[in-house]
Structure formats: C-alpha cells, structure tokens
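Structure, as structure tokens:
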Amino acid sequence: MTPQDLKAFLAEHPFFSTLPAEDLAIMASYAEYANFAVGDILLREGQQATRFYVLREGSVAIDVHHPARGLITLMTVGKGDVVGWSWLLEPYLSQFDARVLRPTKALVFDAVALRASFEQHPALGYAVTRKLLAQVTKRLYAARIQLLDLYGISNNP
C-alpha cells in the first residue's frame, strides 16, 4: 500500500475522516499495512504499548487474564475498529491481550513515533486523543452491558 493509498484509506475511515489533509498525511507517515494470521497476538497485557491498529478486515478478541479462569474474552472487534490505546498514556503498558481470531488485515501505527510527533502537532494530538476517548467510552459501555448480562442484574424483583 503506497503512502497515497494509506492517506486515502484514512480519509474514508470514520476514525480519521474529520482530520484535515495535512493531519492525514502525518498519520499516514506513521502507518504501514500488515496481514495477521489466526492466533497472532497484536497486544500482550503488561507489555510496552508501541503500536495501535486499525482493522481493515478480520476479527480480533480483546482478552484479559483471570488468575483462576485463565483467558477471558471481553469482546470481539472487527472491520473498522481501532485496537490499542495504552500507547497514549503513561505507563504505556497494554491493559489487555488482542488475539487474531480470523485472518486480519490492518494498518499498524508506530505509536511511539506518533506520540512524539504530537509535541510538534498538538492539534493533531488533541484530535486523536478525543477520538480514542470516544472509542474507550464505547467499549466501557459495551463492557457494562456485558457485565449486567453476565451477572443477571435486573431491576425486576
């Protein structure tokens, strides 16, 4: 995928589509296209968060380790979703595992270099931070609904 193809893809993606052309060019300069096979690990809980991913196709499980129950899948994400945001805030450690469930194509961002570029482009850093916080909020809401369902909490006596 050429830099122009990356920029065009970003311009059409809901996460990036509102960014100005110059910001899309900056984002594209930190991205590369990659393919992942079933079982590949994109993120590992507790490890340095140095990348984030925008899924073009496929599916990825967001997992957490439970001491007694082992690996628990919190949710599954797919085409169009963003995976990984721990790179944005100290201590820059992944909070979850991200495991490929189906062959997956993604844009992979060098999050360390991108984070450093936000010092020179604070408006871009602010825009990306806001977009990631929207993703976090969406995922927290989904987790809340899942917990309510899991524990059978109801307002009915």
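Criterion first (of a type outside the set (S, T, N, Q), surrounded by 14 or more Cβ atoms within 10 Å (Cβ to Cβ) and under 24 Å from Pro20 (Cβ atoms)) does Asp97 satisfy it? Criteria not met by Asp97. Regarding Val77, is this residue among the hydrophobic types (A, V, I, L, M, F, W, C) and part of a strand (DSSP E or B)? So Val77 fits the description; yes. For Gln120, the stated conditions hold: it is more than 22 Å from Lys138 (Cβ to Cβ) and not in a helix (DSSP H, G or I).
Checked against the criterion of being outside any helix (DSSP H, G or I) and in contact with a Lys or Arg (Cβ under 7 Å, 6 or more places away or on another chain), the candidates Ala98, Ala25, Ala34, Ala61 yield just one match: Ala61.
Just so you know, in the range 43-61 the residues that are of a type outside the set (Gly, Ala, Ser) and in contact (Cβ under 8 Å) with a residue 60 or more places away in the chain include one that is nearest to Thr104 (Cα to Cα), and it is Arg51. Inside the range 47-58, residues that are part of a loop (DSSP other than H, G, I, E, B) and either closer than 20 Å to Gln135 by Cα or at pLDDT below 95 (or both) make up a count of 2. For the range 79-114, the set of residues classified as of a type in the set (Lys, Arg) and at pLDDT 95 or above consists of Arg99, Arg102, Lys105, listed by residue number. The set of residues in the range 57-80 being surrounded by fewer than 20 Cβ atoms within 10 Å (Cβ to Cβ) and charged (D, E, K, R) consists of Glu57, Arg69, Lys79. Of the residues making up the range 81-94, those that are buried (at least 19 other Cβ atoms within 10 Å of the Cβ) and assigned to a loop (DSSP other than H, G, I, E, B) are Asp81, Gly84, Trp85, Ser94.
Going through (1) surrounded by fewer than 19 Cβ atoms within 10 Å (Cβ to Cβ); (2) in contact with a Phe, Trp or Tyr (Cβ under 7 Å, 6 or more places away or on another chain); (3) part of a strand (DSSP E or B) one by one, Gln135 falls short only on (3).
The values are calculated or read from the model by the stated rules, or taken from the named source; none is laboratory data. Everything quoted here is computed from the prediction, not taken from an experiment. Please note: Cβ atoms are built from the backbone with ideal geometry, for glycine as well, and neighbour counts cover all protein chains shown.
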